[in-house]
Amino acid sequence: MAATDIQTIDCLKDYLYRAMQLEHATIPAYLSAMYSIHPQTNSDAYHILRVVVVEEMLHLTIAANLMNAVGGKPDLTRADFVPEFPTYLPDGEKDFQVSLQCFSPSALDTFLKIERPGLAPDANTRRIPRRSRGTAKLAACPEDEELEFYSIGDFYQEIERGFEHLYRVHGAALFSGDPKRQITSEYYYSGGGELRPVVCMESARAAIGLITGQGEGDGGGIYDAERELAHFYRFEQLKLGKYYEPGDVPHDPKGPPCQVDWTAVYPTYTNPRLEKFDASSELYEYARDFNRDYAEFLALVTEAFNGKPQLLLDAVPKMFRLRNGAMQLMRNPLPASKASADSAAAGQPDGPANAAPTFEVAEFAR
Amino acid sequence: MRHHAIDVFLRFSAEVTGFKIVELRGTGESGEYLGTLDRIVGPDVVDELLSAYAELQPREEAEREQLLRRQIFGNEKLGPIARNIIKLWYVGIWYQLPRNWRERWGVREADVTFTVSPNAYTEGLLWPAIGANPAGARAPGYGSWALPPEIPQV
């Protein structure tokens, strides 16, 4: 068994908080692309994005279950929980950033990086060689160390090693959390997979395996353990213009065409911020309302993850209202005066840009 | 796209539907509806309506409302079109103009009753106005029917 940096239960909790941050960080990015697609168009892309984003929500919930299993307290309201976009992923993948942007070739390239299969067959190569950097970043554990994993799968492998190690040290006492805090399928339906309680080492392994399998496939293949195509390969179909079929090997889909119409998209402003809106406009109010609703939603999910799983049922209609609010914003042009200074900046759509949700929740922190 | 026309069209639509311009644009249908009007009654008649509305703009609300009733909704030519615009926003359907309008101002070939687009149906203002979702679209989430409808302030 390879060595792990995770030597204490507190350190494991830090990693699991990172895991929740990581799963969540992908969601605004995927939603920004998905909701920018014109209605009744791009159904291939829309459905691929929808499957993936729903599974990310499942992964976030599984990470919360892992946290609860070891006596941690999932908190989606911490000041650093929602990143400022563009952002690096919290597991330390430093060669790309994730933006909030409309569905576009550059968004798709980012999604392929987010979901890329792990680099590391063993512990010695799972980390990217350490480089010196000038920028400070919150450390996970221990205090002065920065995470630098190549892929989400590599990051979860480390978490699994941590679980194994701490299980050897503490035995069943590792799983000290109240099982009533576990989110199970009765509170979480049609959400991309079955949600099982994490109460022992075996269920912890299965939970981690589900997350990594859905993201990047099982054991180097294109499918996960449920024989569903992994996220990376789902997105690759849009890039390569073909669907995968059973029996295909990675990077060479042989199925029917998978079509994309890059023009049937609302050209939303990339990485929008409230400051880009005219503060006296109706549009500003709507954008701010979305952020308030999102902050309240995260607070409600936090409550659900902390012993009130039934609250997740109340969260469902709120999610759909967030969808309606996001789509409404994306169909409104962002007045040129505020946005035009950046219109030539890299990453912005050509021509006038539309508004989009900014996911800035700091002012609504509790 | 007729940029000036769409601005006035949205201001007029906001006033006669009771919804905000952000919400009207938020349906994604504003260009489609103005295009429908242009196609059916022609840009000249549409501009006549929008000009008549633009002339009311600087006045006080009460006075403007009175003029709106008299000079647009009470106008034989413009009134039926104005009413059709309200229906377009609320239900996404263009209703054939009344017989006496067609006899007086001429039959338009495209002037038949039809739903403008699948999206026009799901984006009808009728749904937010009653705090419901269109049947078969914009799913509100399992169990949401147990909650009271959220009626927006109009």
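What is the residue count in the range A:318-336 for residues that are free of Cβ contacts under 8 Å to residues at least 24 places away in the same chain and within 8 Å of chain B (Cβ to nearest Cβ)?
Residues in the range A:318-336 being free of Cβ contacts under 8 Å to residues at least 24 places away in the same chain and within 8 Å of chain B (Cβ to nearest Cβ): 4 in total.
Checking B:V22 against (1) in a helix (DSSP H, G or I); (2) within 14 Å of chain A (Cβ to nearest Cβ); (3) surrounded by 15 or more Cβ atoms within 10 Å (Cβ to Cβ); (4) touching a residue at least 12 places away in the same chain (Cβ under 8 Å), only one condition comes out false. Which one?
Answer for B:V22: the failing condition is (4).
With respect to the numbered conditions (1) at pLDDT below 90; (2) within 14 Å of another protein chain (Cβ to nearest Cβ); (3) closer than 17 Å to B:L10 by Cα, which one is the sole condition not fulfilled by B:Q57?
(2)
Tell me the residue from A:I27, A:I114, A:I48, A:I62 that is over 13 Å from the mean Cα position of the chain (by Cα), among the hydrophobic types (A, V, I, L, M, F, W, C) and buried (at least 17 other Cβ atoms within 10 Å of the Cβ), please.
A:I48
What helices (runs of 4 or more DSSP H), lying completely within the range B:91-154, carry at least 1 residues that are in contact with a Ser or Thr (Cβ under 6 Å, 6 or more places away or on another chain) and among the aromatic types (F, W, Y)?
Details: elements: B:99-105, B:118-122, B:126-130.
Correct list: B:118-122.
For the range B:25-35, which positions are away from every other protein chain (no Cβ under 14 Å) and surrounded by fewer than 21 Cβ atoms within 10 Å (Cβ to Cβ)? Show your work before the answer.
Here is the first cut: in the range B:25-35, the residues away from every other protein chain (no Cβ under 14 Å) are B:34-35.
Within the range B:25-35, B:G35 is the sole residue that qualifies.
Test A:L238 against the criterion of being under 16 Å from A:R50 (Cβ atoms), free of Cβ contacts under 8 Å to residues at least 60 places away in the same chain and buried (at least 18 other Cβ atoms within 10 Å of the Cβ), and give yes or no.
No.
For residues in the range B:104-122 being within 13 Å of another protein chain (Cβ to nearest Cβ) and out of contact with any Phe, Trp or Tyr (no Cβ under 9 Å at 6 or more places or on another chain), which is surrounded by the fewest Cβ atoms within 10 Å (Cβ to Cβ)?
Step by step, filter the range B:104-122, then rank; the result is B:P118.
When you scan the range B:127-147, how many residues do you find that are within 11 Å of chain A (Cβ to nearest Cβ) and over 25 Å from B:I21 (Cα atoms)?
Counting residues in the range B:127-147 that are within 11 Å of chain A (Cβ to nearest Cβ) and over 25 Å from B:I21 (Cα atoms) gives 7.
Kindly establish whether B:E48 is away from every other protein chain (no Cβ under 14 Å) and either in a helix (DSSP H, G or I) or surrounded by 21 or more Cβ atoms within 10 Å (Cβ to Cβ) (or both).
It is true that B:E48 is away from every other protein chain (no Cβ under 14 Å) and either in a helix (DSSP H, G or I) or surrounded by 21 or more Cβ atoms within 10 Å (Cβ to Cβ) (or both).
Please tell me if B:E65 is assigned to a loop (DSSP other than H, G, I, E, B), acidic (D, E) and surrounded by fewer than 16 Cβ atoms within 10 Å (Cβ to Cβ).
Against the criterion (assigned to a loop (DSSP other than H, G, I, E, B), acidic (D, E) and surrounded by fewer than 16 Cβ atoms within 10 Å (Cβ to Cβ)), B:E65 does not qualify.
Which of the residues that make up the range A:171-228 are surrounded by 14 or more Cβ atoms within 10 Å (Cβ to Cβ), assigned to a loop (DSSP other than H, G, I, E, B) and among the charged types (D, E, K, R)?
The answer is A:R196, A:D218, A:D224, A:E228.
Checking A:G217 against (1) touching a residue at least 40 places away in the same chain (Cβ under 8 Å); (2) out of contact with any strand residue (DSSP E or B) (no Cβ under 7 Å at 6 or more places or on another chain): exactly one of these is not met. Which one?
(2)
Might you check whether a residue that is more than 14 Å from chain A (Cβ to nearest Cβ) and hydrophobic (A, V, I, L, M, F, W, C) occurs anywhere in the range B:60-67?
yes
Mind checking which residues of the range A:31-83 are of a type in the set (S, T, Y) and under 17 Å from A:L238 (Cβ atoms)? Talk me through it step by step, then tell me what you get.
First pass over the range A:31-83, keeping only residues of a type in the set (S, T, Y): A:32, A:35-36, A:41, A:43, A:46, A:61, A:77.
Across the range A:31-83, the qualifying residues are A:S32, A:Y35, A:S36, A:T41, A:S43, A:Y46.
On the basis of being surrounded by fewer than 23 Cβ atoms within 10 Å (Cβ to Cβ), away from every other protein chain (no Cβ under 14 Å) and in a helix (DSSP H, G or I), does A:K73 make the cut?
The answer is no for A:K73.
Considering each residue of the range B:25-41, count those that are over 24 Å from B:R70 (Cβ atoms) and either of a type in the set (V, I, T) or assigned to a loop (DSSP other than H, G, I, E, B) (or both), and give that number.
Counting residues in the range B:25-41 that are over 24 Å from B:R70 (Cβ atoms) and either of a type in the set (V, I, T) or assigned to a loop (DSSP other than H, G, I, E, B) (or both) gives 5.
Condition first: within 14 Å of chain B (Cβ to nearest Cβ) and part of a helix (DSSP H, G or I). Now tell me which residues in the range A:15-70 satisfy that.
A:Y35, A:S43, A:Y46, A:R50, A:V54, A:M57
The values are calculated or read from the model by the stated rules, or taken from the named source; none is laboratory data. Not measured: the values here are computed from a predicted model. Because the Cβ atoms are built from the backbone with ideal geometry, glycine has one as well, and the counts that use them run over all protein chains shown.
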